[in-house]
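One structure is given here, and the rest of the page talks about it.
The values are calculated or read from the model by the stated rules, or taken from the named source; none is laboratory data. Quick caveat, the model's predicted, so the values are computed rather than measured. Heads up, the Cβs are rebuilt from the backbone with ideal geometry, glycines too, and the neighbour counts pull from every protein chain shown. To get the accessible areas, we keep the full protein, side chains included, count just its heavy atoms, and leave off ligands, DNA and RNA. Shrake-Rupley method; radii C 1.70, N 1.55, O 1.52, S 1.80 Å.
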Amino acid sequence: MPRLIHKLILLLTFLFLFFSLTTNAATTTTITQQFKEAPQFYNSPDCPSIDQDEMEPEPEPDGDNTIFCSEHAVHVAMTLDAAYIRGSMAAILSVLQHTSCPQNIAFHFVASASANASLLRATISSSFPYLKFRVYTFDDSSVSGLISTSIRSALDCPLNYARSYLANILPLCVRRVVYLDSDLVLVDDIAKLAATPLGEKSVLAAPEYCNANFTSYFTPTFWSNPSLSLTFADRRPCYFNTGVMVIDLDRWREGDYTTKIEEWMELQKRMRIYELGSLPPFLLVFAGDIVPVDHKWNQHGLGGDNFRGLCRDLHPGPVSLLHWSGKGKPWARLDANRPCPLDALWAPYDLLQTPFALDS
């Protein structure tokens, strides 16, 4: 019996050391890639001015607060981490390159509290010296206890849920924001998307896909329970992708929608009503109540399915935004010399400094 206890203590000690090491490794993740400096982009003559009288009452340490509370600015929110930094850099470049008023864009980056925010900030600044941006920290513990395992481990990252907390993270003076994933590029002016009318009461706008099998996003447990399936009784719910959204943060705060999403996540922990990460809670709260946006603003699924990441073609129609949602990411496939045909559309925005360029 003492020998068994001794073995058990050794096993527990090993497990403790293992998880401590893996946690520290995740916390001290560094950016090993180097990126080129992007060209500077300037406003066209007819861009609205960012007035000085819109300054925040209490200036922030970065000294330039005007744009971060301006209603004339286009506010863009993205998550930021070392694993997807290459995609983020490409997305930023594409936004600036295709808008008429690049100097009127305020970027709000959300990083995990365990990440090296100073390094992330320095990486962005080195490639975009004139970019107007802030980096906010997201406390992983605020959501980690609510996350259930999904079909792909990347979907279980706490930062993937930060979009549900933007109304709490961003300053109260930011009233509307365009949320973008890091695996996309724009080929149109983001100001057009940001100006989407939200009507008198809608909280968010996004492209809807009503031909998708909406029922497949929830388990038989959900649909067989009348008290749950009746959630959609007075709505005509359609699938929408949460990687591209226009959000009225004032209305979000007034409706306390973060709490509504968390309540569904808590239920999921108890009875497994869906399988796919952070998307289903958004569908449960908003599907059928959003403002539909033209599909050209989210040509999604270019990363293939969540299991194999196979190549996919564009959807029919015009294109304003290309989104490599799914398992396959263009930078990974390009590095592996196994690109999909559409990855060539992402490559021109890649700011990675190649070894050859470094040597020269």
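What the table below lists for this structure:
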| quantity | calculated |
| --- | --- |
| Any chance ASP350 is out of contact with any Leu (no Cβ under 8 Å at 6 or more places or on another chain) and in contact (Cβ under 8 Å) with a residue 24 or more places away in the chain | no |
| Test result for ALA212, in contact (Cβ under 8 Å) with a residue 12 or more places away in the chain and either within 20 Å of PRO318 (Cβ to Cβ) or not basic (Lys, Arg) (or both) | yes |
| Restricting the range 294-313 to residues that are modelled with pLDDT of 90 or more and of a type in the set (A, V, I, L, M, F, W, C), the residue that is nearest to ARG333 (Cα to Cα) | CYS311 |
| Filter result (open to solvent by less than 70 Å² (accessible area, probe 1.4 Å) and basic (Lys, Arg)) within the range 296-329 | LYS296, LYS329 |
| Residue identified as hydrophobic (A, V, I, L, M, F, W, C), in contact (Cβ under 8 Å) with a residue 60 or more places away in the chain and touching a Ser or Thr at 6+ places or on another chain (Cβ under 6 Å) among ALA90, ALA162, ALA167, ALA194 | ALA162 |
| Pairs with Cβ under 6 Å, 6+ apart, first in the range 111-122 and within 18 Å of ASN168 (Cβ to Cβ), second part of a helix (DSSP H, G or I) and small (Gly, Ala, Ser) | ALA111/ALA117 |
| Considering residues of the range 213-225 that are closer than 18 Å to VAL285 by Cβ and in a loop (DSSP other than H, G, I, E, B) only, the residue nearest to the chain's Cα centre (by Cα) | THR219 |
| Selected residue (criterion: surrounded by the fewest Cβ atoms within 10 Å (Cβ to Cβ)) from residues of the range 171-192 that are under 30 Å from ARG333 (Cβ atoms) and more than 16 Å from the chain's Cα centre (by Cα) | LYS192 |
| Qualifying residue in the range 25-35 (condition: open to solvent by 70 Å² or more (accessible area, probe 1.4 Å), within 19 Å of PRO129 (Cα to Cα) and at pLDDT below 50) | no |
| Hits in the range 78-137 (condition: in a strand (DSSP E or B), open to solvent by 20 Å² or more (accessible area, probe 1.4 Å) and of a type in the set (Ser, Thr, Tyr)) | THR79, TYR136, THR137 |
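Okay, residues lined up against (1) in a helix (DSSP H, G or I); (2) in contact (Cβ under 8 Å) with a residue 60 or more places away in the chain; (3) under 19 Å from the mean Cα position of the chain (by Cα):
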position: SER227; (1), (2), (3): yes, no, no
position: GLU262; (1), (2), (3): yes, yes, yes
position: PHE282; (1), (2), (3): yes, yes, yes
position: GLY288; (1), (2), (3): no, no, no
position: LEU302; (1), (2), (3): no, no, yes
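Residue by residue, here is whether (1) open to solvent by 40 Å² or more (accessible area, probe 1.4 Å); (2) over 22 Å from HIS108 (Cβ atoms); (3) at pLDDT 95 or above holds:
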position: ILE247; (1), (2), (3): no, no, yes
position: ARG251; (1), (2), (3): yes, no, yes
position: TYR257; (1), (2), (3): yes, no, yes
position: PHE282; (1), (2), (3): no, no, yes
position: PHE286; (1), (2), (3): no, no, yes
position: ASP289; (1), (2), (3): yes, yes, yes
position: PRO292; (1), (2), (3): yes, yes, yes
